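The structure appears right after this line, and notes come after that.
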Amino acid sequence: MAERTTDLLNALAEEDVDVRRIAALFAEHGETDPDLTSEDVGALREVAVELRHVLAAPTLDQAAQRVNALLARETHPLRLSDHGGTHPWHLHVDSDDEAPWDEWFVASTSLFLVRLISERRRRPGGVCAAHACDRVFVDTAHGGTRRFCSRRCATRARVAAHRRDRA
Ligand SMILES: [Zn+2]
């Protein structure tokens, strides 16, 4: 879920979002034959901004408040679904198995984030600290605080800091 969340939030934040790319990401994260329209992707982009806001919260308290606001507005009573016997029973907080993609995405990701916050009692993620990178990440580690979206950005930032120190 951490990976699905960051892959989708970062892809949906790009300026030119390709419907096929978003569908491919959903497929990669377990959705069978996602048939997305450009309207679906437009709606997904809107909820992605709200979810991104939770990860970008500067404090744990603010992250909790933001995810609570999303839960209040976007989720429906918790239920179990097996999709008519085709899947193992699992949690849903959208209105229906046939709910629109954006509703399903914001509801299931909010559920993931509240569970993550209640288990770790730390900020659920952040925005990459590397120069010119605004990708978000989900922090599932239990050690130190994560600051970068990827190993690549962490290395880039370390090299830049080293150069600054020598200059
Ligand atoms: Zn980065």
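The values are calculated or read from the model by the stated rules, or taken from the named source; none is laboratory data. Values in this document were obtained by computation on a predicted structure and should not be read as measured data. Every residue, glycine as well, gets a Cβ built from its backbone with ideal geometry; the counts of neighbours run over all protein chains shown. These accessible areas exclude ligands, DNA and RNA; they are computed on the full protein's heavy atoms, side chains included. Shrake-Rupley method; radii C 1.70, N 1.55, O 1.52, S 1.80 Å.
Between THR75, THR145, THR86, where does the largest GNM mean-square fluctuation fall for the chain, given springs only between Cα atoms within less than 10 Å? Of THR75, THR145, THR86, the most mobile in the Gaussian network model is THR86. A compact globular protein would have a Cα radius of gyration near 2.2 N^0.38 Å; the ratio found for the chain is 1.12. Among the cysteines of the chain, CYS153 have no other cysteine beta carbon within less than 4.7 Å of their own. Quick check: at a probe of 1.4 Å, how many percent of the accessible area of the chain sits on carbon and sulfur atoms? Of the solvent-accessible surface of the chain, carbon and sulfur hold 49 percent. The alpha carbon centroids of the range 16-66 and the range 90-162 are separated by 11 Å.
Excluding the site residues themselves, the longest part of the chain lacking any GluC sites (Glu not before Pro) in a DSSP loop with at most 16 other Cβ atoms within 10 Å is 99-167.
Computed with a 1.4 Å probe over protein heavy atoms only, the accessible area of CYS153 comes to about 10 Å². Taking the Cα centre of the range 2-122 as reference, the dipole from Cβ charges on Lys and Arg (+1) and Asp and Glu (-1) amounts to some 860 debye. Once both labels are positioned 7 Å from their Cα atoms along Cα-to-Cβ, the gap between ALA69 and GLU39 label points is 2.8 nm. Per-residue ellipticity at 222 nm from helix content only, as computed over the chain with -39500 (n - 2.57) for each DSSP H run of at least four residues, stands at -17500 deg cm²/dmol. Per-residue accessible area (protein heavy atoms, 1.4 Å probe) orders ASP40, ASP61 as ASP61, ASP40, starting from the largest.
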